[in-house]
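Report on one structure; see the data block that follows.
The values are calculated or read from the model by the stated rules, or taken from the named source; none is laboratory data. This one's a predicted model, so the numbers in the text were calculated from it and none came from an experiment. Note: ideal-geometry Cβ built from the backbone for every residue, glycine included; neighbour counts use all protein chains shown.
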């Protein structure tokens, strides 16, 4: 007869599965990134809300100043200003600026770094209907027509960030099975 | 320098508690990847607020809450798939590493326990929480936590008795 303390000891011998090594990296990225930001801002990370409040106040004031400036320009020489702005191609300007600073490659690399790998696929048949026997033209053998309503779900996962994408869509399939008579 | 120290702190804390935390999260979610997502989110939020592991009942409460949210979000899909799962007997990754058949039987018996007993057992045995901490996580009294633990052990004893 097993004693309860004996069962406790046996349970303690059971070792839970170890987490994947990626998990530690993900947590390091999440915690480390935040600490690094706080350190570079010269503020302790324990009081981020204060920093955020100042930041939003600053952003609000800047937006108000820009609006005021645009209103004033619109009242005076607004047409010329609009024409000048629309003649600039932002895409080309950005490309040129990035190429000059050598940042185009790093941008492409950062896009490549976020790679999603397939993580799972499920196919759920939630309705199946037997539509009876059919004779297709030119065929002497009858066919059984089966109609399936299916929900397919595919999942991808970025091991670096833990982000995942799940796509789920319904589909209908019709299957024709030859029936042989005995 | 202080920053580096904090990093080392969280790494040692996390390495120590991660397997138990994952096991705790796995009670509600079937996939290890989902459990890891939950543990990551809970631990990062917890560490940012506390910077130590003293009040760990809060961490376990966060994992439990996130896992239950996940189950609620995922319940519609789970209902759709339930019928198929029952027929196909979907493969579930084991929660433990086994050395022999006895351990396999024991792990299987743990899986058969009612949820409320199993969560107390997991927190007590593999996470080494006290009954006071367990009571705080679950919002129950210390006595209830202790009696659920005892019921779990008795149930395991019954299940493992030779027929």
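Quickly run through the range B:115-126 and pick out the residues that are touching a residue at least 12 places away in the same chain (Cβ under 8 Å) and closer than 15 Å to residue A:10 by Cα.
B:121, B:122, B:124, B:126
Being at the interface with chain A (Cβ under 10 Å from one of its Cβ atoms) and part of a helix (DSSP H, G or I): is that true of residue B:135 here?
Spelling it out, it is not the case that residue B:135 is at the interface with chain A (Cβ under 10 Å from one of its Cβ atoms) and part of a helix (DSSP H, G or I).
Which one of the conditions (1) under 22 Å from residue B:11 (Cα atoms); (2) under 26 Å from the mean Cα position of the chain (by Cα); (3) at pLDDT below 85 does residue A:44 fail to meet, given that it meets all the rest?
It is condition (2) that residue A:44 fails.
Scan the range B:13-27 residue by residue and report those that are buried (at least 20 other Cβ atoms within 10 Å of the Cβ), more than 8 Å from chain A (Cβ to nearest Cβ) and within 8 Å of the chain's Cα centre (by Cα).
Answer for the range B:13-27, where residues must be buried (at least 20 other Cβ atoms within 10 Å of the Cβ), more than 8 Å from chain A (Cβ to nearest Cβ) and within 8 Å of the chain's Cα centre (by Cα): B:21, B:24, B:25, B:26.
Has the range B:103-123 got at least one residue that is surrounded by 19 or more Cβ atoms within 10 Å (Cβ to Cβ), at pLDDT below 95, within 30 Å of residue A:124 (Cα to Cα) and out of contact with any strand residue (DSSP E or B) (no Cβ under 9 Å at 6 or more places or on another chain)?
Yes, the conditions are met somewhere in the range B:103-123.
Right, residue B:63: assigned by TED's automatic domain parsing to the domain that holds residue B:13, under 30 Å from residue A:28 (Cβ atoms), part of a helix (DSSP H, G or I) and at pLDDT below 90 or not?
Working: assigned by TED's automatic domain parsing to the domain that holds residue B:13: yes; under 30 Å from residue A:28 (Cβ atoms): yes; part of a helix (DSSP H, G or I): yes; at pLDDT below 90: no.
Spelling it out, it is not the case that residue B:63 is assigned by TED's automatic domain parsing to the domain that holds residue B:13, under 30 Å from residue A:28 (Cβ atoms), part of a helix (DSSP H, G or I) and at pLDDT below 90.
Search the range A:162-182 for residues being outside any strand (DSSP E or B) and at the interface with chain B (Cβ under 10 Å from one of its Cβ atoms), and hand back the single one that is surrounded by the fewest Cβ atoms within 10 Å (Cβ to Cβ). Walk me through how you get there before you give the answer.
Taking the range A:162-182 as the starting set, the residues that turn out to be outside any strand (DSSP E or B) are A:162-163, A:179-182.
Then drop every residue that is not at the interface with chain B (Cβ under 10 Å from one of its Cβ atoms), which leaves A:162-163.
Working: A:162: 19, A:163: 12.
Among those residues, the one meeting the criterion is A:163.
Name the residue that is modelled with the lowest pLDDT, counting only residues in the range B:28-51 that are part of a loop (DSSP other than H, G, I, E, B) and within 9 Å of chain A (Cβ to nearest Cβ).
Taking the range B:28-51 as the starting set, the residues that turn out to be part of a loop (DSSP other than H, G, I, E, B) are B:28-31, B:51.
When the remaining residues are screened for being within 9 Å of chain A (Cβ to nearest Cβ), the result is B:31, B:51.
Working: B:31: 83, B:51: 72.
Top of the filtered list is B:51.
Out of the residues in the range A:9-41 meeting the condition of being in a loop (DSSP other than H, G, I, E, B) and modelled with pLDDT of 85 or more, tell me which one is nearest to the chain's Cα centre (by Cα).
Among them, the one singled out is A:20.
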